[in-house]
1. Could you tell me which residue of the range 240-256 is nearest to ligand 3 (Cβ to nearest atom), considering only residues that are surrounded by fewer than 20 Cβ atoms within 10 Å (Cβ to Cβ) and part of a loop (DSSP other than H, G, I, E, B)?
2. Do the conditions hold for Ala465, that is, is it closer than 22 Å to Thr330 by Cα and either modelled with pLDDT under 95 or of a type in the set (Gly, Ala, Ser) (or both)?
3. Show the residue pairs that are 6+ apart or on different chains and have beta-carbon atoms under 9 Å apart, the first residue being within the range 163-174 and assigned by TED's automatic domain parsing to the domain that holds Gly109, the second being in a loop (DSSP other than H, G, I, E, B) and within 16 Å of ligand 3 (Cβ to nearest atom).
4. Which one of these is surrounded by fewer than 17 Cβ atoms within 10 Å (Cβ to Cβ), within 13 Å of Leu533 (Cα to Cα) and of a type in the set (Asp, Glu): Asp472, Asp461, Asp495?
5. Out of the range 274-309, which residues are within 13 Å of ligand 3 (Cβ to nearest atom), surrounded by fewer than 19 Cβ atoms within 10 Å (Cβ to Cβ) and not in a loop (DSSP other than H, G, I, E, B)?
6. Which residues, counting only those in the range 156-196, are within 16 Å of ligand 3 (Cβ to nearest atom) and either closer than 24 Å to Gly109 by Cβ or not in a loop (DSSP other than H, G, I, E, B) (or both)?
7. Of all residues in the range 221-238, count the ones that are in contact (Cβ under 8 Å) with a residue 60 or more places away in the chain and part of a strand (DSSP E or B).
8. Among the residues that make up the range 167-189, is at least one of them within 21 Å of His155 (Cβ to Cβ), crowded, with 18+ Cβ neighbours inside 10 Å and touching a His at 6+ places or on another chain (Cβ under 7 Å)?
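The values are calculated or read from the model by the stated rules, or taken from the named source; none is laboratory data. Not measured: the values here are computed from a predicted model. Here Cβ is always computed from backbone atoms with ideal geometry, including for glycine, and neighbour counts include all displayed protein chains.
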Amino acid sequence: MGKPVLKLVKTMQITSHQKILNTRLAPTIVRGEEAKPALPMVGLSIDEIDLNTSPVVEGPWKGEPVNRPRLPHPADWHTDQVIYFPLTDRFHDGDPSNNFAVDRSHPAGFWGGDLKGLTEKLDYIKSLGATSIWLSPVADNTQEFRIGDYHGYGHHGYWIRDHYGVEEHQGQMSDAKNLVSEAHKRGMKVILDVVLNHVGPDHPFIEDPSKRDWFHHEGGIVDWNDPRQVERGDLGGLPDLAQDNPEAYKYLVDNTLWWIKETGVDGIRLDAVKHIGKDFWRKFVPEVKEKSGKDDLFVMGEVFHGDPRVVADYQRNGVDFLFDLPLYYTMRETLGQGQSFRKLGQRLAEDHLYQDTSGLVTVIDNHDLPRFLSTAKNSFPGEGEKRLKQAMTFQMTVRGVPSVYYGTEAGFSGGHDPHNREMMEFDRNPDLKSHMQKVTYIRNNSPAFQHGQQREIWQDDQVYAFSRATEDEEALAVFHNGYQPTQRDIPMLGDSKFHEGQVLVDALSGREFKVEHGKLKVSLEPLTPVVLLPKGHSALKQA
Ligand SMILES: [Ca+2]
Ligand SMILES: [Ca+2]
Ligand SMILES: [Ca+2]
C-alpha cells in the first residue's frame, strides 16, 4: 500500500508488549518444535510500533543454529533469486505518448515511467545482478487527484478502478507481455504485484447495487489492535473487499489467473496481506497455483509488521515468501544507526519462529519505507553511504531472498512516501552501483550465501558474524559497526568445513586470512564488512 506517513506512537504499549514477549513467549519455546504464539497474531500494526524500539524476543537460543534446515519449496529457483523492484511510474519513460497530465513537480503525481521504459532498462537491471523483477501493479488505476489519508494520484498502482484494464500511463497489455517475454529472454523472472484487499476510490463496483455485498462496509480502521477492524475495515479509506463473499472471492481468483495467463509472469506479490483473513490465504494461494498450471508460482506477501511471530503465522497459512520487516527495522537501527549488534543477534535468534527462513524476503528500502540513507547516522561525510554499503553486503549474505528497491544503488535519500519514490537516475552513484554489483556477484556465485544454513559465530556490541553452509561449502560474513580498526579471534564451528591452515579471502578487499588453532583472526576496518570464501572460490573472481 502507498502510505504517506507512518504514525509514530509512544512506546508505552510496546514496553508492556515487549514484557509480555519476554515473560510469556520465551519459556514456551522448545527448539525443534513449532513456536506457540503467546499473543493474538493479528492486530498490532507497524503503525503502533515505535520504530526505534521494535520488539526483540529474548531467548535461550544464543549460539544455537538460527535456521532450521530449509523445507522443500516447489522450485529451487525460488530461494536463489535477487529481486529488483522498480516502481514503474518512477523508473524510465519509454513512451512520451502516454504521459497524460504527467507532472513531476507533484510528489504524488504521475511522472511518466512506463512498461516500455522498464523493458528498455532490463539490461541495466540484469547488470546489477538481479534475477527477478517485482513489477508494481499494472491494472488501471484512478487518475483523479485524491485527497484525504492517501492523497495524490494512483501513480503507484494500488488504487485499481478496472481489474481487466492496463493503466494508461503504463501502456498496453502488449507492452506488459513484451516486458515479461524480454525478461525471460534474459533469464529473468517477473513477479506481478496484485491488490486483493481493496479497490480504488472510483471503482465502478462501489456504486453497483448488485455488488453491494462485495464490500465490508465497516468504516475505516481506527483501532489497529482490533483484528476485525484490521481485516475488514477500510485501509486508508479505500473500500474494503469482502473476500468472504463467494462471488467476490471467485472474481479475485479469476482476475489473478487472468493476469498470470495474459502476461506470463512467474509469480505474484500480494499487497496488504494482514488486512485479509488467513482463511482466505489458505484457500487462495493453492487454488491460484493449481489453476494457473504453475505449481512453482513464486508467491510473496506483504505483512507490514515488526513482530516475527505475526509475520511467521502467515507463512504457516500458505504465503510461501514474506517480507522480513522485523529484520528490516533491526538492520536500520544497528547497521544504519549504530545501535549495538547484539540487537541484530537477538533478532536473528528469533529465526526459529519461522517455518522456513529461506522464505523471507529481506529489504533495505521499499516504496513504503523512508530510504535507508534518510535514516542512517551520518556524523561525518560519507558515513551514511559506508553504512549503506555494509547493509547491502549484509542483505546479500544473510538468509532469505534479497529484494532491492530501485535507486538504493543510486544513493537516493528521500524520506517517507512519496519522497522515497524519486525518478530513477541510472548513473547517479557509480560507487554504490559498483558495490551492488560486487555483492550480488558474490551471492549469485555462492550456493552457501544463496541458501546455506546460517549460524552465528560471533556477537558483541560492534562485531557480528555468521557462517552459511550447504553440504558442499561454507562461507563467512563479518560485520563491523565501530569507528576504529579492530580485530577478533573468531572460533570456527565444530563442524566447520574449513580445515586447519585454510586460507579464506575477503571477497570485497582481496585480503587473506588463515584458520589457525581452530580460529580465524580477522582484522576489521571502520564500518566495513568482510566476506570470506575459501581461496580459489569462483565468487572471488571480482575481488
Ligand atoms: Ca510515459
Ligand atoms: Ca488510469
Ligand atoms: Ca480487508
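1. First pass over the range 240-256, keeping only residues surrounded by fewer than 20 Cβ atoms within 10 Å (Cβ to Cβ): 242, 244-251, 253-255.
Those still in the list that are part of a loop (DSSP other than H, G, I, E, B) too: 242, 244-245.
Details: Ala242: 8, Asp244: 10, Asn245: 12 Å.
Among those residues, the one meeting the criterion is Ala242.
2. Working: closer than 22 Å to Thr330 by Cα: yes; either modelled with pLDDT under 95 or of a type in the set (Gly, Ala, Ser) (or both): yes.
When the stated conditions are applied, Ala465 passes them.
3. Note: pairs meeting the criteria are His163/Val199; His163/His203.
4. None of the others qualify; the one that does is Asp472.
5. Of everything in the range 274-309, those that are within 13 Å of ligand 3 (Cβ to nearest atom), surrounded by fewer than 19 Cβ atoms within 10 Å (Cβ to Cβ) and not in a loop (DSSP other than H, G, I, E, B) turn out to be Lys278, Asp279.
6. Those that are within 16 Å of ligand 3 (Cβ to nearest atom) and either closer than 24 Å to Gly109 by Cβ or not in a loop (DSSP other than H, G, I, E, B) (or both): Tyr158, Trp159, Ile160, Val194, Val195.
7. So the answer is 2.
8. Looking for residues that are within 21 Å of His155 (Cβ to Cβ), crowded, with 18+ Cβ neighbours inside 10 Å and touching a His at 6+ places or on another chain (Cβ under 7 Å), one finds none in the range 167-189, hence no.
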